[in-house]
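Colleague: Got a structure for you, written out below as structure tokens; questions coming shortly.
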Amino acid sequence: MIAVLRSNWTLLFGMLLLMLGNGLQGTVLGVRGAMEGMSPTVISGVMSAYFVGLLIGARVAPALIAQVGHVRVFAALAGLISAAFILFPAAPNPWVWAVMRLIVGFSFCGVYVVAESWLNDRATNETRGQTMAAYMLVQMAGVIAAQALLNFGDPGGYTLFVIMTVLVSLATTPILLSASPAPAYQAAKRMTLRALFRVSPLGCVSTFALGAMYAALFGMAGVYGVEAGLSIGRISIFVASIYVGGFVMMYPIGWVSDRVDRRRLIVLLCVCGAGAALAASAAPFWPLVAATLIVGGAINTLYSLAIAYTNDFLQPEDMASASAGLLFLNGVGAVGGPLVVGLMMQKLGPGGFFLYLAVLLAAVGAYGLWRMTRRPARQAEESAPFAPVTMAASAVAVEATREAVIEQIAASHGGEGDDAPPKAA
């Protein structure tokens, strides 16, 4: 791991700066929107636009890269992000913000694709798994650290938006200076949703629901803090706790998942997360933070767990198309998540935020229990290795992680690789 960090520190540092800017903007916009008198329903529409942009970017970015190259795409999209960030406080109108958020989501998708392509191109077969693990840690650390920056300015002014703009602008320097020519990114063809559902109904349902939950956390946590009457300092602690939980729990849960029936672990995490969400809905601040650590830990780790569980029933050569389908389901869920939670907060007050999460977690857990009656448990030694994947990662990082998993599978079969025997579904 030290060697990986030493050889990729410029790219990883640039990605850290990008995550600082992106992590800060989600919280700041939620707080600023509430200060501008926007209702939770209106803000939820603004937040949802970001995930619409991500979905569009996932389809358009490969074509842009093919036409003009990695460097130009990265520089152009980073410029769009910086421009949008500085325009948010200049035009505090929900329609303008929605357009800006769509542009930001589209641009960040393209920026991630380019940066992750360079990172993956630098990795070897021996270091790809460690490289992607380091990248996921940087993503989590960036979003967590971004919440501390909330205390360095007034969300009602310009300072925080300037900080976001500067962070994204600075991120281009180490990334572009360290960039080498990378192969053009080609999006993997999605497995049909019907075929994907036949392979893993639980993987499909949980991935869709997790997209809806993650989007609510990323876009509406700041709104919850304002509606609940939290100070700026406490909002930063509250939002950070969501991602600290995922940061702390990712690797222990991954270790356990390689040794037990993953469905049991999915159900257990859903039960714990739902219970913690219900407790958080009526808790004072510090118990709220403790409960949110559990909620965030459950949701952030469940995504990697759902992908690993789906891979258990796939041949290595089918994992790319299945991963593309799962990413699409996750993105569709993310578009609707903020809209639903915004409506619930409008009708039920700030407690609707945690009630929304509790209902979705309970639903996934109940479905997982039912699926356990429909398919026998797999032996732990037959399972695909767990690999950490954050929901902020683009298809490139997911694909690189998949390649690392295939290499582990090949090693476990004595180098058989794609010729390994299929797993019974």
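The values are calculated or read from the model by the stated rules, or taken from the named source; none is laboratory data. Predicted model, so just to flag it, every value in this text is computed and none were measured. Virtual Cβ from ideal backbone geometry, glycine too; neighbours counted across all protein chains shown.
Colleague: Mind listing whichever residues of the range 306-323 are among the aliphatic types (A, V, I, L, M) and more than 19 Å from A215 (Cβ to Cβ)?
Modeller: Scanning the range 306-323 gives A308, L314, M319, A320, A322.
Colleague: Continuing with the same structure: For R122, which of the numbered conditions (1) buried (at least 24 other Cβ atoms within 10 Å of the Cβ); (2) modelled with pLDDT under 85; (3) of a type in the set (K, R) fails to hold?
Modeller: R122 satisfies all of (1) buried (at least 24 other Cβ atoms within 10 Å of the Cβ); (2) modelled with pLDDT under 85; (3) of a type in the set (K, R) except (1).
Colleague: If you scan the range 115-150, which residues turn out to be in contact (Cβ under 8 Å) with a residue 24 or more places away in the chain and in a loop (DSSP other than H, G, I, E, B)? Explain how you work it out, then say what you get.
Modeller: Here is the first cut: in the range 115-150, the residues in contact (Cβ under 8 Å) with a residue 24 or more places away in the chain are 115-123, 125, 127-150.
Of everything in the range 115-150, those that are in contact (Cβ under 8 Å) with a residue 24 or more places away in the chain and in a loop (DSSP other than H, G, I, E, B) turn out to be A123, N125, T127.
Colleague: If you take the residues of the range 189-214 that are under 16 Å from the mean Cα position of the chain (by Cα) and polar (S, T, N, Q), which of them is surrounded by the most Cβ atoms within 10 Å (Cβ to Cβ)?
Modeller: Result: S206.
Colleague: Are there any pairs, at least 6 apart or on different chains, whose C-beta atoms fall under 7 Å, with the first in the range 58-76 and within 18 Å of A324 (Cα to Cα) and the second among the β-branched types (V, I, T) and part of a helix (DSSP H, G or I), and if so, which?
Modeller: As it stands, the answer is A61/V113, since those pairs meet every condition given.
Colleague: Here is a further query. Go through G254, G233 for me and flag whichever is touching a Ser or Thr at 6+ places or on another chain (Cβ under 8 Å), assigned to a helix (DSSP H, G or I) and surrounded by fewer than 21 Cβ atoms within 10 Å (Cβ to Cβ).
Modeller: Within the list G254, G233, the selection yields G254.
Colleague: I need the full set of residues from the range 230-247 which are within 14 Å of W286 (Cα to Cα) and over 15 Å from the mean Cα position of the chain (by Cα), in order please.
Modeller: The answer is L230, S231, G233, R234, I235, S236, I237, F238, S241.
Colleague: Oh, and also: Regarding the range 58-65, can at least one residue be identified that is assigned to a helix (DSSP H, G or I), surrounded by 19 or more Cβ atoms within 10 Å (Cβ to Cβ) and among the basic types (K, R)?
Modeller: The answer is no; no qualifying residue exists.
So that you can scan it fast, the table gives a plain yes or no per residue for (1) under 30 Å from E403 (Cα atoms); (2) modelled with pLDDT of 90 or more; (3) of a type in the set (D, E, K, R); (4) in contact with a helix residue (DSSP H, G or I) (Cβ under 9 Å, 6 or more places away or on another chain):
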{"residue": "A282", "(1), (2), (3), (4)": "no, no, no, yes"}
{"residue": "N311", "(1), (2), (3), (4)": "yes, no, no, yes"}
{"residue": "L314", "(1), (2), (3), (4)": "yes, no, no, yes"}
{"residue": "E317", "(1), (2), (3), (4)": "yes, no, yes, yes"}
{"residue": "L339", "(1), (2), (3), (4)": "no, yes, no, yes"}
{"residue": "Q346", "(1), (2), (3), (4)": "no, yes, no, yes"}
{"residue": "F354", "(1), (2), (3), (4)": "no, yes, no, yes"}
{"residue": "L360", "(1), (2), (3), (4)": "no, yes, no, yes"}
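Colleague: A further question on this structure: Can you find, within the range 215-230, the residue that is surrounded by the most Cβ atoms within 10 Å (Cβ to Cβ) among those that are outside any helix (DSSP H, G or I) and at negative phi? Before the answer, list the steps.
Modeller: To start, the set of residues in the range 215-230 that are outside any helix (DSSP H, G or I) comprises 228-230.
Next, only the ones that are at negative phi stay: 228, 230.
Working: A228: 18, L230: 20.
The residue in question is L230.
Colleague: Filter the range 263-318 down to the residues that are outside any helix (DSSP H, G or I) and touching a residue at least 40 places away in the same chain (Cβ under 8 Å) and list them by number.
Modeller: Matches in the range 263-318: S281, A282, D312, F313, L314, Q315.
Colleague: Also, I was wondering about something else. Being touching a Lys or Arg at 6+ places or on another chain (Cβ under 6 Å) and part of a helix (DSSP H, G or I) narrows it down to one residue among V28, V46, V42; which is it? Write out each step before concluding.
Modeller: Details: V28 fails: touching a Lys or Arg at 6+ places or on another chain (Cβ under 6 Å); V42 fails: touching a Lys or Arg at 6+ places or on another chain (Cβ under 6 Å).
Exactly one residue qualifies, and that residue is V46.
Colleague: When you scan the range 66-97, how many residues do you find that are aliphatic (A, V, I, L, M) and buried (at least 18 other Cβ atoms within 10 Å of the Cβ)?
Modeller: So the count comes out to 6.
Colleague: Still on this structure, please answer the following. Look through the range 151-204, keep the residues that are part of a helix (DSSP H, G or I), among the small types (G, A, S) and over 30 Å from L302 (Cβ atoms), and return whichever of them is modelled with the highest pLDDT. Give the derivation first.
Modeller: We begin by selecting, within the range 151-204, every residue part of a helix (DSSP H, G or I); these are 151-152, 159-178, 193-199, 201-204.
Keeping just the survivors that are among the small types (G, A, S) gives 169, 171, 178, 195, 203.
With over 30 Å from L302 (Cβ atoms) added as a condition, the list becomes 169, 178.
Details: S169: 90, S178: 67.
For the range 151-204, the residue satisfying everything is S169.
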